[in-house]
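S.K.: Please find one structure pasted underneath; my questions will follow.
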Amino acid sequence: PDPGVSPHIPPPPAEQGVTTPFPIQAGTIAAALEGRDICGRAPTGSGKTLAFGIPLVSRVAKAKPSKPRALVLAPTRELAAQIERALTPLAATRQRKVAALYGGLGFGGQLSALRKGADIVVPTPGALHFVGAATFEALSGNPVTTDVWSDVPEVAHVRIGQNADLVA
(Lines give C-alpha, C1' and ligand atoms only; values in the text may rest on other atoms or scores of the structure.)
Protein backbone atom coordinates (compact mmCIF):
# COMPACT_ATOMS: atom_id res chain seq x y z
CA PRO A 1 0.00 0.00 0.00
CA ASP A 2 1.02 3.58 -0.65
CA PRO A 3 2.05 5.13 2.69
CA GLY A 4 1.22 8.66 1.48
CA VAL A 5 4.74 9.89 0.73
CA SER A 6 4.85 13.28 -0.96
CA PRO A 7 4.84 12.79 -4.74
CA HIS A 8 7.77 15.21 -4.88
CA ILE A 9 10.01 12.69 -3.13
CA PRO A 10 11.26 10.17 -5.69
CA PRO A 11 11.77 6.51 -4.78
CA PRO A 12 15.36 5.30 -4.42
CA PRO A 13 16.92 4.42 -7.79
CA ALA A 14 16.51 0.74 -8.62
CA GLU A 15 20.25 0.53 -9.35
CA GLN A 16 20.83 1.01 -5.61
CA GLY A 17 19.17 -2.36 -5.17
CA VAL A 18 16.23 -0.99 -3.16
CA THR A 19 12.93 -2.02 -4.68
CA THR A 20 10.80 -2.41 -1.55
CA PRO A 21 10.89 -0.67 1.83
CA PHE A 22 13.02 -2.16 4.57
CA PRO A 23 11.00 -3.49 7.57
CA ILE A 24 11.72 -0.39 9.72
CA GLN A 25 10.45 1.79 6.88
CA ALA A 26 7.36 -0.31 6.21
CA GLY A 27 6.53 -0.24 9.92
CA THR A 28 6.98 3.48 10.56
CA ILE A 29 6.62 5.71 7.49
CA ALA A 30 2.81 5.70 7.32
CA ALA A 31 2.44 6.44 11.04
CA ALA A 32 5.03 9.22 10.88
CA LEU A 33 3.33 10.75 7.84
CA GLU A 34 0.14 10.89 9.93
CA GLY A 35 2.07 12.90 12.53
CA ARG A 36 2.06 10.12 15.12
CA ASP A 37 4.95 9.68 17.52
CA ILE A 38 7.04 6.67 16.62
CA CYS A 39 9.91 4.80 18.20
CA GLY A 40 11.85 2.50 15.91
CA ARG A 41 14.68 0.17 16.70
CA ALA A 42 16.70 -1.57 14.00
CA PRO A 43 20.31 -2.51 13.30
CA THR A 44 22.83 -0.35 11.49
CA GLY A 45 22.23 -0.29 7.74
CA SER A 46 18.55 -1.18 8.02
CA GLY A 47 17.11 2.05 6.59
CA LYS A 48 16.33 4.01 9.77
CA THR A 49 17.45 7.35 8.33
CA LEU A 50 14.98 7.13 5.47
CA ALA A 51 12.34 5.70 7.84
CA PHE A 52 12.26 9.02 9.67
CA GLY A 53 13.68 11.17 6.86
CA ILE A 54 11.01 10.57 4.24
CA PRO A 55 8.11 11.56 6.54
CA LEU A 56 10.15 14.40 8.00
CA VAL A 57 10.89 15.91 4.60
CA SER A 58 7.29 15.27 3.46
CA ARG A 59 5.82 17.14 6.44
CA VAL A 60 8.32 19.85 7.41
CA ALA A 61 7.21 23.42 6.79
CA LYS A 62 9.48 26.01 5.23
CA ALA A 63 11.67 27.71 7.82
CA LYS A 64 12.38 31.36 8.32
CA PRO A 65 15.98 32.51 8.78
CA SER A 66 17.40 31.25 12.12
CA LYS A 67 14.15 29.39 12.83
CA PRO A 68 14.41 25.75 11.75
CA ARG A 69 11.23 23.69 11.79
CA ALA A 70 12.74 20.26 12.52
CA LEU A 71 15.56 19.00 14.71
CA VAL A 72 17.32 15.64 14.30
CA LEU A 73 19.60 15.06 17.28
CA ALA A 74 22.56 12.78 16.42
CA PRO A 75 25.09 11.47 18.96
CA THR A 76 28.24 11.97 16.86
CA ARG A 77 29.48 14.32 14.17
CA GLU A 78 29.91 11.35 11.84
CA LEU A 79 26.24 10.40 12.20
CA ALA A 80 25.13 14.05 11.94
CA ALA A 81 27.07 14.41 8.68
CA GLN A 82 25.69 11.09 7.40
CA ILE A 83 22.11 12.13 8.17
CA GLU A 84 22.69 15.50 6.50
CA ARG A 85 24.02 13.75 3.36
CA ALA A 86 21.05 11.36 3.26
CA LEU A 87 18.38 14.02 3.82
CA THR A 88 19.77 16.81 1.63
CA PRO A 89 18.71 15.33 -1.75
CA LEU A 90 15.29 14.40 -0.37
CA ALA A 91 14.82 17.87 1.12
CA ALA A 92 15.87 19.51 -2.14
CA THR A 93 12.90 17.89 -3.90
CA ARG A 94 10.67 20.06 -1.69
CA GLN A 95 12.90 23.16 -1.71
CA ARG A 96 13.95 22.48 1.88
CA LYS A 97 17.46 22.78 3.32
CA VAL A 98 19.32 20.61 5.82
CA ALA A 99 22.22 21.78 7.99
CA ALA A 100 24.37 19.74 10.36
CA LEU A 101 25.90 21.35 13.44
CA TYR A 102 28.82 19.61 15.12
CA GLY A 103 32.20 20.31 16.65
CA GLY A 104 35.57 19.76 15.08
CA LEU A 105 34.96 22.48 12.52
CA GLY A 106 34.47 26.19 12.91
CA PHE A 107 30.84 26.99 13.63
CA GLY A 108 30.86 29.98 11.22
CA GLY A 109 29.68 28.15 8.10
CA GLN A 110 27.30 25.95 10.05
CA LEU A 111 25.68 28.94 11.76
CA SER A 112 25.49 30.73 8.42
CA ALA A 113 23.38 27.85 7.05
CA LEU A 114 21.12 28.13 10.10
CA ARG A 115 20.74 31.89 9.68
CA LYS A 116 19.92 31.48 5.97
CA GLY A 117 16.92 29.33 6.80
CA ALA A 118 17.80 25.66 7.25
CA ASP A 119 14.49 23.86 7.55
CA ILE A 120 15.97 20.75 9.19
CA VAL A 121 18.91 21.03 11.60
CA VAL A 122 20.99 17.99 12.57
CA PRO A 123 23.10 18.87 15.64
CA THR A 124 25.09 16.75 18.03
CA PRO A 125 24.24 17.28 21.71
CA GLY A 126 27.44 19.25 22.27
CA ALA A 127 26.81 21.51 19.28
CA LEU A 128 23.20 22.04 20.32
CA HIS A 129 24.40 23.04 23.78
CA PHE A 130 27.12 25.35 22.42
CA VAL A 131 24.97 26.90 19.72
CA GLY A 132 22.07 27.17 22.14
CA ALA A 133 24.20 29.21 24.46
CA ALA A 134 25.75 31.30 21.71
CA THR A 135 23.08 31.72 19.06
CA PHE A 136 19.76 29.95 19.64
CA GLU A 137 18.29 32.86 21.58
CA ALA A 138 16.60 33.67 18.29
CA LEU A 139 14.91 30.28 18.47
CA SER A 140 13.05 30.94 21.71
CA GLY A 141 9.39 30.57 20.97
CA ASN A 142 10.21 29.05 17.58
CA PRO A 143 7.70 26.40 16.65
CA VAL A 144 10.00 23.46 15.93
CA THR A 145 7.33 21.04 14.79
CA THR A 146 9.30 17.82 14.59
CA ASP A 147 12.14 16.38 16.56
CA VAL A 148 13.99 13.13 15.97
CA TRP A 149 16.47 11.52 18.34
CA SER A 150 18.74 9.30 16.31
CA ASP A 151 20.39 6.49 18.30
CA VAL A 152 18.75 7.45 21.60
CA PRO A 153 20.97 5.39 23.94
CA GLU A 154 24.08 6.93 22.40
CA VAL A 155 22.64 10.46 22.53
CA ALA A 156 21.81 10.00 26.21
CA HIS A 157 25.28 8.66 26.93
CA VAL A 158 27.02 11.51 25.11
CA ARG A 159 24.87 14.25 26.61
CA ILE A 160 23.90 12.90 30.02
CA GLY A 161 26.77 10.55 30.77
CA GLN A 162 27.11 7.00 31.91
CA ASN A 163 24.58 7.40 34.71
CA ALA A 164 21.68 7.71 32.27
CA ASP A 165 18.82 5.31 32.94
CA LEU A 166 17.04 4.38 29.73
CA VAL A 167 14.07 2.23 28.97
CA ALA A 168 14.78 0.41 25.72
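S.K.: Which of the residues spanning the stretch 114-130 are small (Gly, Ala, Ser) and either exposed (fewer than 14 other Cβ atoms within 10 Å of the Cβ) or within 15 Å of the chain's Cα centre (by Cα) (or both)?
M.R.: Selection gives Ala118, Ala127.
S.K.: Does the stretch 111-145 hold any residues that are polar (S, T, N, Q), under 21 Å from Leu56 (Cβ atoms) and modelled with pLDDT under 80, and which are they?
M.R.: Across the stretch 111-145, the qualifying residues are Asn142, Thr145.
The values are calculated or read from the model by the stated rules, or taken from the named source; none is laboratory data. Since the structure is predicted, the reported quantities are computational estimates derived from the model, not experimental observations. When we count neighbours, we look across all protein chains shown, and the Cβ atoms used for this are built from the backbone with ideal geometry, even at glycine.
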